[in-house]
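The structure appears below as structure tokens.
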């Protein structure tokens, strides 16, 4: 073996190693992107479940507090905006913040009606909404952990070289912006 042959073998081995590394990085990025998308779909399912509960809650409260029309309209409008299709995580978070504030006002109205608070239907809706809020919070934590991992890979060297070459982008976090909204609305009376 002469020096040229040895150099050629070393070069081929280095190229194969770099290609294997690039394939591994690419597959890792694809896996993370899919985890982020799956986690978002789970949040979407829980948000839809929450959005489906709200009209029942509004109707229950309406039966006892029919003169509180502005609050009902506000909750209905906020629900419609939050349930609308095509929102990204940041936009969805903003819409959910508005909905949480409207629900807080609805529950404030309900506090003025002891018979309503004692209603079995109202209590069941409150429990379902609280359960759904817990699931959304758990989904948010899972989603944001996956987003953090993906964003770290997209931004870190040397995986950012592969990410840039194949157009992998940072994902948006799903988080409440208002400190008062960072907690689930109180639904117990």
Subset of the stretch 122-160 (residues that are buried (at least 17 other Cβ atoms within 10 Å of the Cβ), without any contact (Cβ under 8 Å) to a residue 60 or more places away in the chain and within 13 Å of the chain's Cα centre (by Cα)): 144
Across the stretch 109-121, the tally of residues that are in contact with a helix residue (DSSP H, G or I) (Cβ under 8 Å, 6 or more places away or on another chain) and without any contact (Cβ under 8 Å) to a residue 60 or more places away in the chain stands at 5
Is it the case, given these coordinates, that residue 42 is in a helix (DSSP H, G or I) and over 19 Å from the mean Cα position of the chain (by Cα)? no
Give the residues of the stretch 157-176 that are part of a loop (DSSP other than H, G, I, E, B) and in contact with a helix residue (DSSP H, G or I) (Cβ under 9 Å, 6 or more places away or on another chain), sorted by residue number. 158, 166, 168, 169, 170, 171, 172, 173, 174, 175, 176
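When you scan the stretch 3-18, do you find a residue that is assigned to a helix (DSSP H, G or I) and touching a helix residue (DSSP H, G or I) at 6+ places or on another chain (Cβ under 9 Å), even just one? Talk me through it step by step, then tell me what you get.
Keep residues of the stretch 3-18 that are assigned to a helix (DSSP H, G or I), which gives 3-18.
With touching a helix residue (DSSP H, G or I) at 6+ places or on another chain (Cβ under 9 Å) added as a condition, the list becomes none.
No, that holds for no residue.
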Per the filter on the stretch 109-122, residues over 14 Å from residue 58 (Cβ atoms) and part of a helix (DSSP H, G or I) are 111, 114, 115, 117, 118, 120
Any residue in the stretch 57-74 that is closer than 21 Å to residue 126 by Cα, in contact (Cβ under 8 Å) with a residue 12 or more places away in the chain, in contact with a helix residue (DSSP H, G or I) (Cβ under 7 Å, 6 or more places away or on another chain) and not in a helix (DSSP H, G or I)? yes
Looking at (1) outside any helix (DSSP H, G or I); (2) within 29 Å of the chain's Cα centre (by Cα); (3) farther than 30 Å from residue 130 by Cβ, which one does residue 85 not meet, given that it meets all the others? (3)
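Has the stretch 91-100 got any residue that is surrounded by fewer than 13 Cβ atoms within 10 Å (Cβ to Cβ), in contact (Cβ under 8 Å) with a residue 12 or more places away in the chain, under 13 Å from the mean Cα position of the chain (by Cα) and in a helix (DSSP H, G or I)? Give the steps one after another, and end with the answer.
Filtering the stretch 91-100 for residues surrounded by fewer than 13 Cβ atoms within 10 Å (Cβ to Cβ) gives none.
No, the conditions are met nowhere in the stretch 91-100.
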Could you list, in sequence order, the residues of the stretch 153-189 that are at pLDDT 90 or above and under 23 Å from residue 46 (Cβ atoms)? 171, 172, 173, 174
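The values are calculated or read from the model by the stated rules, or taken from the named source; none is laboratory data. Computed from a predicted model, the values in this text were never measured in an experiment. FYI the Cβ positions are ideal-geometry reconstructions off the backbone, even for glycines, and counts take in every protein chain you see.
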